[in-house]
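Data block below; observations after.
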Amino acid sequence: MAVAEKVTKVLDEVATWNLLEVRDFVKAFEEKFDVKAQAAVAVAAGGGAAAAPAAAAKTEFNVVLTGITDEAKKIPVIKVVREITGLGLAEAKKLVEEAPKPVKENVGKADADAMKKKLEDAGGKVELK
């Protein structure tokens, strides 16, 4: 599928944004054009009889900080939480101290995996739900 040069330029620009900027863009786009961005859901139907929906692969995940590996890793984990969420220092510290807590909700698989890796590299214990 050939993509117009304008579209490619926009996609290249969006690729440089952080997650909060992308979220704000999507919200603004939805409002301006009165549309809703959502994933398509496949439903299996069999020969006129009622059939159960096909089990769709999970596309959105919650990144949950369940704890830290070592008390000495608390500050690096707080820094990563701030980077991911855009929270202030006090809010990020509170989130880390009150684990298990969701750090980010309803994010795509690739983003969730990247956040999990960053948090684990900093010393956090993370689950994707």
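The values are calculated or read from the model by the stated rules, or taken from the named source; none is laboratory data. Remember, it's a predicted structure, so these values are computed and weren't measured experimentally. Reconstructed Cβ throughout: ideal geometry from the backbone, glycine too, with neighbour counts over all protein chains shown.
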>> Being within 22 Å of residue 27 (Cβ to Cβ) and modelled with pLDDT of 90 or more is the requirement here; does residue 60 meet it?
In response: no
> Does the stretch 104-129 hold any residues that are among the hydrophobic types (A, V, I, L, M, F, W, C), crowded, with 16+ Cβ neighbours inside 10 Å and under 15 Å from residue 58 (Cβ atoms), and which are they?
Replying inline: 107, 112
> When the stretch 90-100 is examined, which residues are found to be in contact with a helix residue (DSSP H, G or I) (Cβ under 8 Å, 6 or more places away or on another chain) and either exposed (fewer than 11 other Cβ atoms within 10 Å of the Cβ) or of a type in the set (Lys, Arg) (or both)?
Replying inline: 93
> Just checking, which of 34, 113 is within 30 Å of residue 10 (Cα to Cα), among the acidic types (Asp, Glu) and modelled with pLDDT of 90 or more?
Replying inline: 113
